[in-house]
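First up is the structure itself, then whatever we jot down about it.
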Amino acid sequence: MKTAMEELDARWKDLLNSLESRFGKQPDLNMVLILIGMRELGQVLTKLKKEEKVNLMHIAVCRLLSEEGYYELEGLDADGWPHWKAVKKLPFINVVEQEIYLKERVVDYFDAL
């Protein structure tokens with residue numbers, strides 16, 4: 001029987017392989033977050049500047065963590081970009097736990113599509 005971590009690793013690898021077959025390159029966590037951010041924004045952006053990448057990853061993280069009640073959508077700005085507010089303290093102790101938590105939310109997000 002697989003441990004929870006082995007199960008997450010398998011689901012994560014399956015997701016990355018699926019994205020690689022769609023886009024021709026296997027993404028890392030940051031690229032997956034940028035893809036989620038674009039999906040949530042409703043726009044496909046190309047030739048992104050660093051600030052745009054950071055903003056898209058922020059959208060994705062807020063969206064993923066909103067499922068657990070950590071963020072709430074406040075609304076959209078004039079350009080259609082979502083703005084979120086933190087509503088409860090994040091559970092992360094360290095960077096490793098944060099990455100595991102985000103990977104869990106990411107695979108759940110794609111499973112729900």
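Checking the condition at pLDDT below 95 and either under 22 Å from ILE100 (Cα atoms) or in contact with a Cys (Cβ under 7 Å, 6 or more places away or on another chain) (or both), which residue from LYS53, LYS2 passes? Break it down into steps so the answer makes sense when it comes.
Numbers: LYS53 fails: at pLDDT below 95.
The unique qualifying residue is LYS2.
Which is outside any helix (DSSP H, G or I) and within 22 Å of GLU6 (Cβ to Cβ), of PHE92, PHE110? Show your work before the answer.
On the way: PHE110 fails: outside any helix (DSSP H, G or I).
The unique qualifying residue is PHE92.
Got at least one residue in segment 25-45 being more than 13 Å from the chain's Cα centre (by Cα) and under 26 Å from LEU8 (Cβ atoms)? Outline the logic, then answer.
Narrowing segment 25-45 to residues more than 13 Å from the chain's Cα centre (by Cα): 25-26, 42-45.
Remaining after also requiring under 26 Å from LEU8 (Cβ atoms): 25-26.
Within segment 25-45, one or more residues are more than 13 Å from the chain's Cα centre (by Cα) and under 26 Å from LEU8 (Cβ atoms).
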*Quick one: in segment 70-83, which of the residues that are over 15 Å from the mean Cα position of the chain (by Cα) and part of a loop (DSSP other than H, G, I, E, B) is nearest to ASP28 (Cα to Cα)?*
TRP81
*Got at least one residue in segment 1-11 being touching a residue at least 24 places away in the same chain (Cβ under 8 Å), farther than 22 Å from PRO91 by Cα and of a type in the set (Gly, Ala, Ser)?*
no
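Inside segment 84-99, can you point out the residues that are closer than 23 Å to MET31 by Cβ and surrounded by fewer than 16 Cβ atoms within 10 Å (Cβ to Cβ)? Explain how you work it out, then say what you get.
Let us first name the residues in segment 84-99 that are closer than 23 Å to MET31 by Cβ, namely 84, 90, 92, 94-99.
Result: LEU90, PHE92, ASN94, VAL95, VAL96, GLU97, GLN98, GLU99.
The values are calculated or read from the model by the stated rules, or taken from the named source; none is laboratory data. Computed from a predicted model, the values in this text were never measured in an experiment. Cβ atoms come from the backbone with ideal geometry, glycine included; neighbour counts cover every protein chain shown.
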